[in-house]
């Protein structure tokens, strides 16, 4: 691996704007952005999403990395803009999120664990605000009522025992509270959507921590600790620069989940990649119905971004799962099950194509895939008029991503120039239920949305406070197009049920909680943490990609 200062230099970033953290990672000062955007035309943005995944995921990150490496092998100037992994999934089910095989971002062990401390900064800022809120309740220094508090604490672990807690502090005694995972913190969303330090300050001030007895919102600005929160988040706001295994620059910054948050890396990292490369490859969490929708309707709306192409990652194993094959039998050849599972892919293709830009299906290759199974997917995409490529980037790195890179480039060459503006799923002035109905129809194939009484009551509170026109971030299971995780494939004749709403005023959206989704995940029966160890030489083992 080349020193990270050399990578920054090749991007044209002056040494004075690079804070190296060792030889392989760095923080990039925000001053590097306006100069780069002023001196060159912004690159073309490629969004990588996926079909509804198996519990282990279908390889969006490894495909994104491999695609960028494939573009580089074709002589293109490419960069990555990716999310940081959360230690929740690293030690939970997935075991890592820095790619894998020959398509990783390095140093993968550091990236999967503490990295540059951004997650810790978000955790500390979130919990400092919570502590100050409860302290002012204790001393009677706030107009906030204990039962009106919305602000929770966070921790970067999967821990079901922390979902619900009760405080016993002075006037706050007995108030209901709980923990979310750090990736679901509103401060994480704010960090990822803020465009500058001043914007970060304004968004932090705008956080609604709860409501007063008269129903008026109580904002974080009233607690007079925004300066302290900024001090904790100042360095975390700067994007992180690392490299892929083949030397492609990667801005890795921010890590909200897409099933319970908005699922995209920071706006600043994406702009950095676009300002320093001709092709910027980014991903959105989970499938297109989750991360893809939020990337477009929340991130692009807020930041003025405009993807030029969309890649949907599929796997034979996921298609077989959607075709009825049990999880423990996905390695067994089953072409007929692949045929049945293609209905799930069809729904995601329909949603992606509705945005009027080229769509490519990337089949992330596994050794158990058969030619007959791959042929079924290739034929399906051909009949659907969608580009298709086998991506063998785990085993072969950039060489295995050249077919995909070529397909994406051909799609861009054939597309309308310039890229047409995005037509968002809903207008800003539409009421929240209509926004939800539009999302459910376009992305899930649902027939409508049902608000439970508690959700309608909470939404009314937020609307009366002036927040009814915000975009909507849907918290929904990643295991189904519906809100029922036990319905794989392409469910028909269903509605989405919203049981509650949360307000993220600083981030700029409402969160609709559907089905049984909670914002603090739990560990699986056998967590990935059981496989992690440190050998006698201090080498960490057992983390995916390490």
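The values are calculated or read from the model by the stated rules, or taken from the named source; none is laboratory data. Keep in mind that what you see is a predicted model, and the values were worked out from it rather than measured. With ideal geometry, Cβ positions are generated from the backbone for all residues, glycine too; neighbour counts draw on all protein chains shown.
Out of curiosity, is residue 29 under 30 Å from residue 525 (Cα atoms) and over 15 Å from the mean Cα position of the chain (by Cα)? Please lay out each step first, then the result.
Values: under 30 Å from residue 525 (Cα atoms): no; over 15 Å from the mean Cα position of the chain (by Cα): yes.
So residue 29 fails the test.
Would you mind finding the one in 261, 346, 314, 309 that is within 30 Å of residue 432 (Cβ to Cβ), within 21 Å of the chain's Cα centre (by Cα) and either modelled with pLDDT of 95 or more or not assigned by TED's automatic domain parsing to the domain that holds residue 507 (or both)?
Working: 346 fails: within 21 Å of the chain's Cα centre (by Cα); 314 fails: within 30 Å of residue 432 (Cβ to Cβ); 309 fails: within 30 Å of residue 432 (Cβ to Cβ).
The unique qualifying residue is 261.
Okay, residues lined up against (1) outside the structural domain of residue 305 (by TED's automatic domain parsing); (2) buried (at least 18 other Cβ atoms within 10 Å of the Cβ); (3) under 25 Å from the mean Cα position of the chain (by Cα); (4) outside any helix (DSSP H, G or I):
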position: 406; (1), (2), (3), (4): no, no, no, no
position: 437; (1), (2), (3), (4): yes, yes, yes, no
position: 442; (1), (2), (3), (4): yes, yes, yes, no
position: 446; (1), (2), (3), (4): yes, yes, yes, yes
position: 455; (1), (2), (3), (4): yes, yes, yes, no
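Quick grid of which residues meet (1) touching a strand residue (DSSP E or B) at 6+ places or on another chain (Cβ under 8 Å); (2) within 19 Å of residue 491 (Cβ to Cβ):
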site	(1), (2)
346	no, yes
371	no, no
385	no, no
389	yes, no
397	yes, no
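Can you tell me which residues in the range 97-125 are out of contact with any strand residue (DSSP E or B) (no Cβ under 6 Å at 6 or more places or on another chain), in contact (Cβ under 8 Å) with a residue 40 or more places away in the chain, outside any helix (DSSP H, G or I) and under 25 Å from residue 233 (Cβ atoms)?
Residues satisfying the conditions are 97, 107, 113, 115, 117.
If residue 285 satisfies every condition in (1) within 18 Å of residue 83 (Cα to Cα); (2) surrounded by 24 or more Cβ atoms within 10 Å (Cβ to Cβ); (3) in contact with a helix residue (DSSP H, G or I) (Cβ under 8 Å, 6 or more places away or on another chain); (4) modelled with pLDDT of 95 or more but one, which is the exception?
For residue 285, the exception is condition (4).
Looking for whichever is more than 25 Å from the chain's Cα centre (by Cα), over 30 Å from residue 203 (Cβ atoms), outside the structural domain of residue 301 (by TED's automatic domain parsing) and at pLDDT 95 or above here; the options are 493, 464, 479. Which one fits?
Details: 464 fails: over 30 Å from residue 203 (Cβ atoms); 479 fails: more than 25 Å from the chain's Cα centre (by Cα).
Answer to the check: 493.
Just to check your reading of the model, which residue among 411, 397, 401, 375 is at positive phi and either in a helix (DSSP H, G or I) or touching a helix residue (DSSP H, G or I) at 6+ places or on another chain (Cβ under 8 Å) (or both)?
Values: 411 fails: at positive phi; 401 fails: at positive phi; 375 fails: at positive phi.
Every option except 397 fails the conditions.
Collect the residues in the range 24-65 that are surrounded by fewer than 21 Cβ atoms within 10 Å (Cβ to Cβ), out of contact with any helix residue (DSSP H, G or I) (no Cβ under 6 Å at 6 or more places or on another chain) and assigned to a helix (DSSP H, G or I), keeping them in residue-number order.
Within the range 24-65, 34, 35, 38, 39 qualify.
Only one of (1) outside any loop (DSSP other than H, G, I, E, B); (2) modelled with pLDDT under 95 is not met by residue 522, so which one is it?
Here residue 522 clears every test but (1).
What do you reckon, is residue 424 closer than 28 Å to residue 474 by Cβ, touching a residue at least 40 places away in the same chain (Cβ under 8 Å) and buried (at least 21 other Cβ atoms within 10 Å of the Cβ)? Explain how you work it out, then say what you get.
Values: closer than 28 Å to residue 474 by Cβ: yes; touching a residue at least 40 places away in the same chain (Cβ under 8 Å): yes; buried (at least 21 other Cβ atoms within 10 Å of the Cβ): no.
In short, no.
Mind listing just one residue for me: the one in the range 66-96 that is in a loop (DSSP other than H, G, I, E, B) and touching a strand residue (DSSP E or B) at 6+ places or on another chain (Cβ under 6 Å) and, of those, farthest from residue 258 (Cα to Cα)?
Looking only at the range 66-96, we keep the residues that are in a loop (DSSP other than H, G, I, E, B), and these are 74-77, 83-86, 91-96.
Restricting the remaining residues to those that are touching a strand residue (DSSP E or B) at 6+ places or on another chain (Cβ under 6 Å) gives 76, 84.
Values: 76: 30, 84: 13 Å.
Selected residue: 76.
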